[in-house]
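The values are calculated or read from the model by the stated rules, or taken from the named source; none is laboratory data. Note that the structure is predicted; figures quoted are calculated from it, not measured. Every residue, glycine among them, receives a Cβ derived from its backbone with ideal geometry; neighbour counts consider all protein chains shown.
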């Protein structure tokens, strides 16, 4: 059986048109730029929500009939399959686990890190993971994995950009007053341990682990998988972007490491940024 490895951005579906560097045929441009086949080029309509895994149904992704357990779908953050632990979460996690391929994901900023941390840490293909289901696997930060003869370095996380009006804490006496006011005024806010977690950004230990892993590999990998991008790349996507600790760390990696391609999400777009950096959202692209 042929081996496949696909990558995609945030698991959220909406009507979309791929745009890449102004090309009249962006799907062809992606294929030429990455030397890969684009596996899903049609427009797909669904709800704009995390955890919307319908795109992996056979109707939208018929190539899965040729895939097996040793073929992988890498999700570049904001997986969203672990949110409130309710029936919806369980249904879709079981559904993903029954797919012919193996879904893998790095974490984004919109994840329930309390729930993620409850899973035991296991060793898998050279790096540390959380197995959410036997075949639904979280690739942890600062790790390197050997998949189909290629080395994949992973470090998830990102700084939320939808919290301009703050993080609310349900233990605060004025929580409901502030909540009602912000909702009424359409404020940008989230709630601590309900819709926002400080673990959205790596810890000092995770940064140190990432440096250690790359040093061990002589700073040479095939693919880098993240949710956000290095500072210079984020600024190509959005000229007004203000760097944060993680994007500056990723910029350090970009400047000091050798890699073939860097795949990331977070920006809700599908674009070739340059010959090495690819922004993914709804698009599925074959990378091996």
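Structural remarks
- Every pair of residues 6+ apart whose Cβ atoms lie under 8 Å, when the first sits in region 89-101 and is touching a residue at least 60 places away in the same chain (Cβ under 8 Å) while the second is in a helix (DSSP H, G or I) and surrounded by 12 or more Cβ atoms within 10 Å (Cβ to Cβ): 101/64
- Meets criteria (under 21 Å from residue 64 (Cα atoms) and in contact with a strand residue (DSSP E or B) (Cβ under 9 Å, 6 or more places away or on another chain)) for residue 105: yes
- Residues of region 210-225 classified as over 20 Å from residue 104 (Cα atoms) and buried (at least 18 other Cβ atoms within 10 Å of the Cβ), total: 1
- Test for residue 82: is it modelled with pLDDT under 95, touching a strand residue (DSSP E or B) at 6+ places or on another chain (Cβ under 8 Å), crowded, with 18+ Cβ neighbours inside 10 Å and farther than 23 Å from residue 222 by Cβ: yes
- Selected residue [outside any loop (DSSP other than H, G, I, E, B) and either surrounded by 15 or more Cβ atoms within 10 Å (Cβ to Cβ) or at negative phi (or both)] from 178, 141: 178
- Just one residue in the set 203, 160 is within 30 Å of residue 97 (Cβ to Cβ) and surrounded by 15 or more Cβ atoms within 10 Å (Cβ to Cβ); that residue is 160.
- Against the list (1) modelled with pLDDT of 50 or more; (2) surrounded by 18 or more Cβ atoms within 10 Å (Cβ to Cβ); (3) out of contact with any helix residue (DSSP H, G or I) (no Cβ under 8 Å at 6 or more places or on another chain); (4) on the phi < 0 side of the Ramachandran plot, the condition residue 77 fails is (4).
- Scanning region 181-191 for residues that are within 15 Å of residue 114 (Cβ to Cβ) and surrounded by fewer than 15 Cβ atoms within 10 Å (Cβ to Cβ) yields one hit, 191.
- Residue satisfying all of: in region 238-261; in contact (Cβ under 8 Å) with a residue 12 or more places away in the chain, outside any helix (DSSP H, G or I) and in contact with a helix residue (DSSP H, G or I) (Cβ under 7 Å, 6 or more places away or on another chain); nearest to residue 161 (Cα to Cα) among these: 243
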